[in-house]
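Structure record follows, encoded as structure tokens.
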Amino acid sequence: MEKLIEQFSLGLFVWMLVIFIGLIFLMRKFAWKPILDAVNEREEGIRNALLSAENAKKEMLNLQSSNEKLVAEARAERDAMMKEAREIKEKMINDAKSEAQAQGEKMIAQAKAAIESEKNAAMAELKNQVSTLSIEIAEKVLKSELSNKESQTKLVEKMLGDAKLN
């Protein structure tokens, strides 16, 4: 330190002071203002980025809640559609059952009518056969009874006697 004091030159000190002040003035005029502007600009950009991030976060929360509402609405709509589909299915099944039952009853009624018709036709045919058979038997009996003259006369007299009584 003593060496510095011994070698001290006032002219050199003044020149260094002038250069230092000039350098500070030049720095202030040309460098500090742009540096401070850049720092302020960067600070403002960071502030804006933080604000936009905060806004994005709020918007994301809003979107998330609206998405949850949409999902809830979609689930409710799906449940309603499923319920309606089940009701339609049950209605279709019940309609098919009632239609099948009606068809079955109709077929049973038709079968009963066909059976009754067949029964009546069979009874009519049986009556025809019985009457034909009866006529054939009566014919044979009459032929055998009326084969001689004496039995014919008795039959005519008997019929005349019956006719007078009525």
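Spin-label model, Leu133/Phe25: points 7 Å from Cα along the beta carbon direction are separated by 15.7 nm. Rounded to the nearest 10 degrees, the angle from helix 149-165 to the longest Cα principal axis of the chain is 70 degrees. Helix 33-145 and the longest principal axis of the Cα set of the chain meet at an angle near 0°. With 0.36 nm allotted per residue and the present C-alpha distance subtracted, the Glu90-Trp32 stretch has 12.4 nm of extension available. The residues of the chain expose on average 95 square angstrom of accessible surface per residue, using a 1.4 Å probe on protein heavy atoms. Relative to the longest principal axis of the Cα atoms of the chain, the long axis of helix 10-26 makes an angle of roughly 30 degrees. Where only DSSP H runs of four or more residues are counted, the chain gives -33500 deg cm²/dmol as its mean residue ellipticity at 222 nm, each run worth -39500 (n - 2.57).
Approximating the spin labels as points 7 Å out from Cα along Cα→Cβ, the Ala124-to-Thr153 distance works out to 4.8 nm. Here the accessible area of the chain is 64 percent carbon and sulfur, with a 1.4 angstrom probe and all protein chains present.
Once the convex hull of all Cα atoms in the chain is built, its volume per residue stands at 285 Å³.
The values are calculated or read from the model by the stated rules, or taken from the named source; none is laboratory data. Being a predicted model, the structure only gives us computed values, none of them experimental. Glycine also receives a Cβ, built like all others from the backbone with ideal geometry; neighbour counts cover every protein chain displayed. Protein only, heavy atoms only, side chains kept; ligands, DNA and RNA dropped before computing areas. Shrake-Rupley method; radii C 1.70, N 1.55, O 1.52, S 1.80 Å.
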